[in-house]
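The values are calculated or read from the model by the stated rules, or taken from the named source; none is laboratory data. Small disclaimer: the values here were computed from a predicted structure and weren't measured. Cβ atoms come from the backbone with ideal geometry, glycine included; neighbour counts cover every protein chain shown. The area values use the complete protein model at the heavy-atom level, side chains included, leaving out ligands, DNA and RNA. Shrake-Rupley method; radii C 1.70, N 1.55, O 1.52, S 1.80 Å.
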Amino acid sequence: NGEEGTYDAYFYERHANAGLMDLFDWGNLTYITLGWTGKMNERTNFGAMYHMFTLTETGTGTGQFTRGIRGQTLAFGDNTKDDLGSEIDLYAEHMYDGGLSTVLRLGYFMPGDHFDTAAGNEDEIMEVMIEGKLTF
């Protein structure tokens, strides 16, 4: 039918790739992650990560931005610039018996020069997330 779909794996740990805030989908996306992790004890770990996002190719598409400021999608600006922005993530996870764990995440995203700042997209995004996970 001429449509190109996007890859969405059945068992996919969404927070494990391209930042904990899950702002970008795959497609025309290149990113670099620097991180540090530690263990408080055998059941509690924590970490900090810094991600830098760019378009793989400029002028050919905009990538996929899945969420935006105040629930609105960011407007793409200069398609010749590849800087999508940077994200800082902090997290702590505690594991319980029986495969249960809780995770507290704090994410901070700073849009790059690819986004249209005239549309009010110079604002940063901050997100706090508490997640419960049961692995069985």
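What the table below lists for this structure:
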quantity	calculated
Residue check for Phe46: surrounded by fewer than 17 Cβ atoms within 10 Å (Cβ to Cβ), in a strand (DSSP E or B) and either of a type outside the set (Ser, Thr, Tyr) or modelled with pLDDT of 65 or more (or both)	yes
Long-range neighbours under 8 Å by Cβ, at least six apart or interchain, first residue closer than 17 Å to Glu124 by Cα and of a type outside the set (A, V, I, L, M, F, W, C) within region 81-108, second assigned to a helix (DSSP H, G or I) and open to solvent by less than 70 Å² (accessible area, probe 1.4 Å)	Arg105/His15
Single unsatisfied condition, Gly71 versus (1) modelled with pLDDT of 55 or more; (2) out of contact with any Leu (no Cβ under 7 Å at 6 or more places or on another chain)	(1)
Boolean, Leu34 is assigned to a strand (DSSP E or B), farther than 30 Å from Leu134 by Cβ, at pLDDT 95 or above and under 15 Å from the mean Cα position of the chain (by Cα)	yes
